[in-house]
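Trainee: Input: one structure, supplied below.
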Amino acid sequence: MAVPGSGLAKGLAVTLRTMTRRSVTAHYPDVQPELPARSRGVIGLFEENCTVCMLCARECPDWCIYIDSHKETVPPAAPGGRERSRNVLDRFAIDFSLCMYCGICIEVCPFDALFWSPEFEYAETDIRDLVHERDRLREWMWTVPAPPPLDPAAEEPKEIAAARKAADKQLAAETRAREAGRHGTGQPENSQPENSQPEKSQPETDQRDGDT
């Protein structure tokens, strides 16, 4: 059976413990918060990596990414080759008044064109100004922190292992081809040319001349 007033005593005890602790209130904006390096603040665009594949816009659950592009014909790299067409980015915008910061667009981008920036101070008095065009998204890109260093005890990434294996295989093939070419065209050190004949010994020649 609960003692009358025990709940009040517990509440007062919590209050007394809290009063004796140092305050942890951050006086923002006078004191900037210490955010994690990979916090989700705003999305930056690295335009050079964008191929207008539209994956980010299709996978966005809020449909807040707007992309416009056109096709250009690229002349052949070699004479007699075929012309190619490529997509050219005209507009890339994100409406941060609709964005829910799920990060799906960054995860599905196959060419690493979108990155998280820890910057979060981009409030606007007009909601229409929260639509960031590609120029402003490019400015956020320079605030993206560098990735953390790899753990020395971690396993080697599969991409690096595959690249090293392919490079070693190519180097081994070039070495075998070089050795095969040297053995095919060169002569052994102790071998004599095919047209050369062994020299006759002088005593045999003198004896043959004497008999005649």
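Trainee: Which is the longest part of the chain that has none of the trypsin sites (Lys or Arg not before Pro) sitting in a DSSP loop with at most 16 other Cβ atoms within 10 Å? List each step's numbers first, then the result.
Mentor: On the way: sites that count: Arg21, Arg22, Arg38, Arg40, Arg82, Lys200.
Result for the longest clean stretch: 83-199.
Trainee: If you wrap a convex hull around the C-alpha atoms of the stretch 58-146 and split its volume per residue, what is the figure in Å³?
Mentor: 135
Trainee: In addition: What is the extension gain from Glu179 to Asn87, computed as 0.36 nm multiplied by their sequence separation minus the C-alpha to C-alpha distance, in nm to one decimal?
Mentor: Once the chain is fully extended between Glu179 and Asn87, it gains 28.5 nm.
Trainee: Same structure again: Under the rule of -39500 (n - 2.57) per DSSP H run of 4 or more residues, summed and divided by the residues of the chain, what mean residue ellipticity at 222 nm is obtained, to the nearest 500 deg cm²/dmol?
Mentor: Helix-only estimate at 222 nm: -10000 deg cm²/dmol.
Trainee: Then there's this: Percent of Cα-Cα pairs more than 21 Å apart in the chain, please.
Mentor: 77
Trainee: Carbon and sulfur atoms: what percent of the 1.4 Å accessible area of the chain do they account for?
Mentor: Taking all protein chains in place, the chain shows 55 percent carbon and sulfur surface.
Trainee: List the relative contact order of the chain as a percent without decimals, with contacts defined as Cα pairs under 8 Å and 6+ residues apart.
Mentor: RCO, the chain: 21 percent.
Trainee: For the chain, with every protein chain kept in place, what is the accessible area per residue (1.4 Å probe, Å²)?
Mentor: 81
Trainee: Related question: How would the stretch 5-121 be classified by its alpha-carbon gyration tensor: rounded, prolate or oblate, with rounded meaning a/c under 1.5 and the a/b versus b/c comparison settling the rest?
Mentor: Here the stretch 5-121 falls in the prolate category.
Trainee: Provide Phe115, Phe92, Phe120 ordered by accessible surface of protein heavy atoms (probe 1.4 Å), highest first. Please list the in-between numbers first.
Mentor: Values: Phe115 60, Phe92 0, Phe120 80 Å².
Sorted descending by solvent-accessible area, the residues read Phe120, Phe115, Phe92.
Trainee: Mind checking the stretch 1-88 for GluC sites (Glu not before Pro) that DSSP puts in a loop (not H, G, I, E or B) and that have at most 10 other Cβ atoms within 10 Å? Don't jump to the answer; show the numbers that get you there.
Mentor: On the way: sites: Glu34, Glu47, Glu48, Glu59, Glu72, Glu83; in loops: Glu34, Glu83.
Within the stretch 1-88, the qualifying GluC sites (Glu not before Pro) (loop, at most 10 other Cβ atoms within 10 Å) are Glu34, Glu83.
Trainee: What percent of all Cα-Cα pairs in the stretch 114-166 falls in each 5 Å bin, counting up from 0?
Mentor: 4, 13, 16, 15, 11, 10, 10, 8, 6, 4, 1, 0
The values are calculated or read from the model by the stated rules, or taken from the named source; none is laboratory data. For clarity, every value in this text was computed on a predicted model and none was experimentally measured. Virtual Cβ from ideal backbone geometry, glycine too; neighbours counted across all protein chains shown. Ligands, DNA and RNA are excluded from the accessible area calculation, which covers all protein heavy atoms including side chains. Shrake-Rupley method; radii C 1.70, N 1.55, O 1.52, S 1.80 Å.
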